[in-house]
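Inspection log for the structure reproduced underneath, given as structure tokens.
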Amino acid sequence: MAATGVRMGVVGGSVAGCAMAVAGVRAGADVTVYERSAGALQDRGLGIVVPPALHERLVGAGYLDAAMPTAPVATRVWLTREPGGRSAREFARQPSPVTPCNWGLLWQALRAATTGARYHRGRPVLSLGRTAAGRAVVRTAEGEETYDVVAGADGHRSLTRRLLAPSVRAAPAGYAVWRGTLPPSALAEHPRPRELLREAWVTIGFPGGHGIFYLIPRGGGAGPDERLLAYAIYATPPGRSPGEVAHVREIAERHFPAEWAAIVARGEHTAMTCHPVADVRAPLTADPPFLLAGDAAGVTRPHTASGAVKALQDALYLEEALRTSASPAEALRSYARERTPEVARLVELGRRLGRAQVERAPDWTAMDQGAVEAWCRATLAGATSYLYADAGADADAGADGPPEAAPDAAAEAG
Ligand SMILES: Cc1cc2nc3c(=O)[nH]c(=O)nc-3n(C[C@H](O)[C@H](O)[C@H](O)COP(=O)(O)OP(=O)(O)OC[C@H]3O[C@@H](n4cnc5c(N)ncnc54)[C@H](O)[C@@H]3O)c2cc1C
């Protein structure tokens with residue numbers, strides 16, 4: 001059946017909520033979105049990467065406008081600071097095609113595609129319940145409505161998850177991520193990093209952590225030369241609590257190659273947040289008439305670059321299930337069978353990557369191309385990840401620590 005006549009409510013109107021709304025509308029449902037925030041979500045101007053094939057599929061299926069700017073690159077470059085010096089040493093380079101997006105522009109594109117759904121902003125859902133007949137009840141300050149399906153897309157502190165799995169708690173990783181963007185002017189006097197970032201996304205390893213860097217579109221008609229530099233820096237927070245930007249500048253000054261230190265330590269940060277890293281997962285992603293999507297279903301550590309990716313895949317799967325199942329309840333049971341294992345897989349993968357890259361970070365200065373490849377294979381241990389296009393298949397090694405790394409002839413890098 002198509003979902004014609006099905007009433008669907010969506011709690012949360014961010015990436016997962018908008019994608020769920022598009023899925024419902026495309027399958028024929030009558031969709032209402034409740035978003036707590038009255039402000040403009042597009043101002044959350046951070047970077048996000050998605051697999052190129054998923055981006056193409058979303059454009060083809062009408063979730064994203066082909067005009068939404070992206071900044072695709074095909075390669076990952078690993079750098080660290082030259083031991084005893086301040087120059088950059090490139091120690092590995094891998095094929096890793098990704099499509100970097102500006103989170104705010106991605107949200108705007110998804111929001112624009114929700115035409116056909118009612119989108120209420122500034123309307124928090126206060127509680128949820130079930131009728132005796134098994135329909136979902138959504139309560140807001142304005143009153144209550146009943147639905148055949150309610151998608152909980154209400155983020156990492158999901159109210160909907162608390163209804164389905166009251167005892168689930170987030171598991172802290174014990175380290176943090178500082179995430180932000182720098183304006184193009186930060187790169188103006190640094191041609192080598194600027195050129196490198198045009199073709200690659202960059203990982204900089206330092207003792208006890210690493211930073212990820214890539215360019216994202218700015219929006220507002222700005223061209224490729226005006227891209228923002230997005231970063232995510234993972235490290236254990238200091239005991240004292242310095243300003244967020246101040247701490248990132250300090251890490252950069254102390255550990256980064258000189259040119260990268262200058263970019264991060266001296267550039268004006270356009271946006272900046274700091275999160276403790278944690279993961280959480282619901283034991284079941286649907287219990288009709290409720291389903292969980294995006295971070296509400298589970299939060300994987302950001303090393304997988306898969307939170308938004310999963311939210312978008314959740315929506316594509318729901319659309320298909322609503323179109324092909326005999327009833328909404330059957331569609332949601334099918335969703336639970338498909339999406340629950342994916343959440344578990346990503347949470348486990350995020351833990352492995354976090355362990356390898358932060359909790360037990362290798363001596364980056366001793367790594368070379370061969371060591372990185374072996375270390376990636378060992379860390380993935382057979383799991384697939386679009387970030388590690390070539391490394392997922394070989395499952396023969398354990399993943400708890402890096403292999404012995406042999407020093408390599410240093411290569412000067414950007
Ligand atoms: C450092 C970092 C880097 C990342 N990089 C990537 C990446 O490269 N690729 C990737 O795919 N993912 C990445 N992610 C993850 C990604 O950002 C998130 O998974 C994604 O944005 C989650 O979207 P969401 O819609 O599920 O949740 P959110 O964006 O948190 O949205 C939840 C929404 O629900 C609303 N809400 C909450 N409660 C209620 C209520 N009671 N009533 C109504 N509304 C409510 C909130 O206001 C909010 O708008 C990264 C995350 C981090 C921290």
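The values are calculated or read from the model by the stated rules, or taken from the named source; none is laboratory data. The structure displayed is predicted, hence computed values, not measured ones. Backbone-built Cβ (ideal geometry, glycine too); neighbour counts: all protein chains shown. The accessibility values were calculated without ligands, DNA or RNA, using every heavy atom of the protein model including side chains. Shrake-Rupley method; radii C 1.70, N 1.55, O 1.52, S 1.80 Å.
Only a single criterion out of (1) within 16 Å of the ligand (Cβ to nearest atom); (2) at pLDDT 95 or above; (3) part of a loop (DSSP other than H, G, I, E, B) is not satisfied by residue 39, namely (2). When each of 66, 74, 2 is tested for being surrounded by fewer than 24 Cβ atoms within 10 Å (Cβ to Cβ) and part of a strand (DSSP E or B), the lone residue that passes is 74. Kindly indicate whether any position in the stretch 65-86 is without any contact (Cβ under 8 Å) to a residue 12 or more places away in the chain and closer than 30 Å to residue 30 by Cβ. Yes: the stretch 65-86 contains one or more residues that are without any contact (Cβ under 8 Å) to a residue 12 or more places away in the chain and closer than 30 Å to residue 30 by Cβ.
Counted as qualifying within the stretch 154-225 are the strands (runs of 3 or more DSSP E) with 1 or more residues that are open to solvent by 60 Å² or more (accessible area, probe 1.4 Å), namely 171-182. For residue 311, the conditions (1) out of contact with any strand residue (DSSP E or B) (no Cβ under 7 Å at 6 or more places or on another chain); (2) within 26 Å of residue 62 (Cβ to Cβ); (3) more than 8 Å from the ligand (Cβ to nearest atom) all hold with the exception of (3). Restricting the first member to the stretch 218-231 and to residues that are under 16 Å from residue 186 (Cα atoms), and the second to residues that are part of a helix (DSSP H, G or I) and small (Gly, Ala, Ser), the beta-carbon pairs closer than 7 Å and six or more apart or on different chains are 229/186. Tallying residues that are surrounded by fewer than 18 Cβ atoms within 10 Å (Cβ to Cβ), in a loop (DSSP other than H, G, I, E, B) and within 25 Å of the chain's Cα centre (by Cα) within the stretch 351-381 yields 2. Exactly one residue out of 262, 246, 321, 252 is in a helix (DSSP H, G or I) and touching a Ser or Thr at 6+ places or on another chain (Cβ under 7 Å), and it is 321.
In the stretch 77-133, the residue that is surrounded by the most Cβ atoms within 10 Å (Cβ to Cβ) out of those that are touching an Asp or Glu at 6+ places or on another chain (Cβ under 7 Å) and assigned to a helix (DSSP H, G or I) is 109. Put simply, of 282, 293, 278 the only residue that is in contact (Cβ under 8 Å) with a residue 60 or more places away in the chain, within 11 Å of the ligand (Cβ to nearest atom) and surrounded by 23 or more Cβ atoms within 10 Å (Cβ to Cβ) is 293.
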